[in-house]
Amino acid sequence: MDINREQWGSKIGFVLAAAGSAVGLGNIWKFPYLVGENGGAAFVLLYLLCVVLVGLPVVIAEILIGRTTQKNPVGSFRELSKGNPFWMFIGGLGVLTGFLILSYYNVIAGWSLGYVVESLKGSFQNLENPAAAGELFNQLSSRPQWTLLFHGMFMMLTVSIIYAGVAKGIERASKIMMPALLILIIILVIRGITLNGASAGIHYLLKVDFSVITGKTFFLALGQAFFSLSLGMGALLTYGSYMSKKDSIPISALNIVLLDTLIALLAGFMIFPAVFAMGMQPAQGPSLIFNILPIVFNSIPAGYIFRIIFFILLTVAALTSTISLLEVITAFVVDEFQFERKKAAIVLGIIVFVIGIPSALSFCGWQNVMIFGLTCFDFVDFISANIFLPLGGIFIALFVGWFWGTKNSVPHLLEGTVKFPVFLVSTWSILIRFVAPVLILLIFLSSIGIL
Ligand code: PHE
């Protein structure tokens, strides 16, 4: 064990930081628009199934690998597989996926930062309906200067926290901001569901129409579960590597998953009642929250102030996720190539910024540049969230369940856990060995039309 390796400052520090990684734009920006594009309650139901049957067991497995080895994804797989190149490649795939996700995620995070500035300027004060807000959104996002400026600024924010180190930077930021975000979302949910005509939105989120479920809906729900839980690319593994052996993995994992799911569901209840109350369509794509939310605030007393606070918190929620992405890549470079942490953070930040430029331009100028029929943004999003993350998930499950084996891994799982019921351990073993890999595989096959 490396006694000099940093650890979280406290028990709650790990859970909050990992939940900070999980809770982000995935919950507040992406989950609602995917629900809106894929059949409402049916998507929510499939999403929850994926979280319980695949998400939670793999979250436990991923943290377990990290905490046992106290290494970055590649180093972890190297140690546990005794240098097997295939498993090291899987670790490397995680690092690559982190690169890709960060590159486009940061663009949307930049938008939310831009919306803080617009809120301060009072740009939304006189907008009467979401259509007007949508127009403003189009105006802003179609200006490359605006998008690239905030893309760059956001990357600088992320780099500065990674620069400061694990406990001081990441942990401190998460501890303060997460609870504030939760409170503000609850205020918005209450506002949303009390608007005139909100009940159609509630109905939309609760009444499952099974006829809209296809293989593709399942596939998108699975990708979203991985994306939202920061799963399948080594973020939780890396955070787990700073976790103390005195803390309980299953309990931490459960807390992370519950919090992440709660915030995604709340985000749904924050947006859809308002969407329906304002007579809008749910299927608006990535601009959904940017069109709806600014207007909701106009019907709240002191909406101007609350709007500013909300976009600040959204920005921070995005930031606690981007830092986890950059941390994976940084930990890899620092551990594997003995790079100095501070230098690594800056150099990697610049590289990711540059890789993100085509995604940023997908909304302003490069709308017609297509890869397999998708814009650069959609393409990178698709291959990383829908392909690489679930693929990483299968291999993490197979690794822990079969290669390393539950016989060897369970003792590490139980470290720090005072008296854990045996049936829960065996349930987890079954989920990780059989259910998770088989389900992911079936969903993959059905989405490409084989099933
Ligand atoms: N889970 C984050 C979100 O929902 C995104 C993310 C994905 C972060 C993968 C880290 C790793 O916003």
The correct count of residues that are over 18 Å from F218 (Cβ atoms), of a type in the set (G, A, S) and either touching an Asp or Glu at 6+ places or on another chain (Cβ under 6 Å) or surrounded by 15 or more Cβ atoms within 10 Å (Cβ to Cβ) (or both) in region 414-444 is 2
Taking L195 as meeting all but one of (1) crowded, with 20+ Cβ neighbours inside 10 Å; (2) more than 30 Å from V74 (Cα to Cα), write down the number of the exception.
-> (1)
Does A131 fit the bill of being at negative phi, open to solvent by 20 Å² or more (accessible area, probe 1.4 Å) and in a helix (DSSP H, G or I)?
-> yes
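Looking only at region 370-413, how many residues end up being part of a loop (DSSP other than H, G, I, E, B) and either touching a helix residue (DSSP H, G or I) at 6+ places or on another chain (Cβ under 6 Å) or surrounded by 24 or more Cβ atoms within 10 Å (Cβ to Cβ) (or both)?
Looking only at region 370-413, we keep the residues that are part of a loop (DSSP other than H, G, I, E, B), and these are 372-373, 404-405.
In the following step, the residues that additionally are either touching a helix residue (DSSP H, G or I) at 6+ places or on another chain (Cβ under 6 Å) or surrounded by 24 or more Cβ atoms within 10 Å (Cβ to Cβ) (or both) were identified as 404.
Matching residues across region 370-413 total 1.
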Residues in region 1-24 that are open to solvent by 10 Å² or more (accessible area, probe 1.4 Å) and modelled with pLDDT of 80 or more total 2
Looking for whichever is modelled with pLDDT of 90 or more, part of a helix (DSSP H, G or I) and small (G, A, S) here; the options are G223, G232, G169. Which one fits?
-> G223
Name the residues in region 299-332 that are more than 22 Å from the chain's Cα centre (by Cα) and at negative phi, would you?
-> S299, I300, P301, G303, Y304, I305, F306, R307, I308
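Hey, among L262, L266, which residue is within 30 Å of N72 (Cα to Cα) and at pLDDT 95 or above?
Numbers: L266 fails: within 30 Å of N72 (Cα to Cα).
Selected residue: L262, the only one of L262, L266 that is within 30 Å of N72 (Cα to Cα) and at pLDDT 95 or above.
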Does L258 satisfy being within 27 Å of T69 (Cβ to Cβ), open to solvent by 10 Å² or more (accessible area, probe 1.4 Å) and without any contact (Cβ under 8 Å) to a residue 12 or more places away in the chain?
-> yes
Verdict on G91 being under 23 Å from G285 (Cβ atoms) and crowded, with 22+ Cβ neighbours inside 10 Å | no
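Would it be correct to say that L34 is closer than 21 Å to F311 by Cα, open to solvent by 10 Å² or more (accessible area, probe 1.4 Å) and within 20 Å of the chain's Cα centre (by Cα)? So that I can check it myself, show each step before the final result.
Working: closer than 21 Å to F311 by Cα: yes; open to solvent by 10 Å² or more (accessible area, probe 1.4 Å): yes; within 20 Å of the chain's Cα centre (by Cα): yes.
Here the answer is yes, as L34 does meet what is asked.
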Are any of the residues in region 57-66 among the aliphatic types (A, V, I, L, M), surrounded by fewer than 24 Cβ atoms within 10 Å (Cβ to Cβ) and within 16 Å of the ligand (Cβ to nearest atom)?
-> no
Got at least one residue in region 145-162 being modelled with pLDDT under 90 and in a helix (DSSP H, G or I)?
-> yes
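So that you can scan it fast, the table gives a plain yes or no per residue for (1) within 11 Å of the ligand (Cβ to nearest atom); (2) buried (at least 20 other Cβ atoms within 10 Å of the Cβ):
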{"position": "I309", "(1), (2)": "no, no"}
{"position": "T322", "(1), (2)": "yes, yes"}
{"position": "L326", "(1), (2)": "yes, yes"}
{"position": "F339", "(1), (2)": "no, no"}
{"position": "K342", "(1), (2)": "no, no"}
{"position": "G356", "(1), (2)": "no, yes"}
For residues that are away from the ligand (no atom under 16 Å from the Cβ) and closer than 22 Å to A397 by Cα, scanning just region 216-246, find the one that is surrounded by the most Cβ atoms within 10 Å (Cβ to Cβ).
-> M243
Exactly one condition in (1) open to solvent by 10 Å² or more (accessible area, probe 1.4 Å); (2) touching a residue at least 60 places away in the same chain (Cβ under 8 Å); (3) among the hydroxyl-bearing types (S, T, Y) is not met by S211; state its number.
-> (2)
Residue count, region 77-103, condition within 16 Å of the ligand (Cβ to nearest atom) and polar (S, T, N, Q), comes to 2
Residues located in region 27-49, provided they are within 24 Å of I432 (Cα to Cα) and within 14 Å of the ligand (Cβ to nearest atom) | Y47
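The values are calculated or read from the model by the stated rules, or taken from the named source; none is laboratory data. Computed from a predicted model, the values in this text were never measured in an experiment. Neighbour counts run over all protein chains shown; Cβ positions are idealised from the backbone, glycine included. Surface areas here come from the heavy atoms of the whole protein model, side chains and all, with no ligands, DNA or RNA. Shrake-Rupley method; radii C 1.70, N 1.55, O 1.52, S 1.80 Å.
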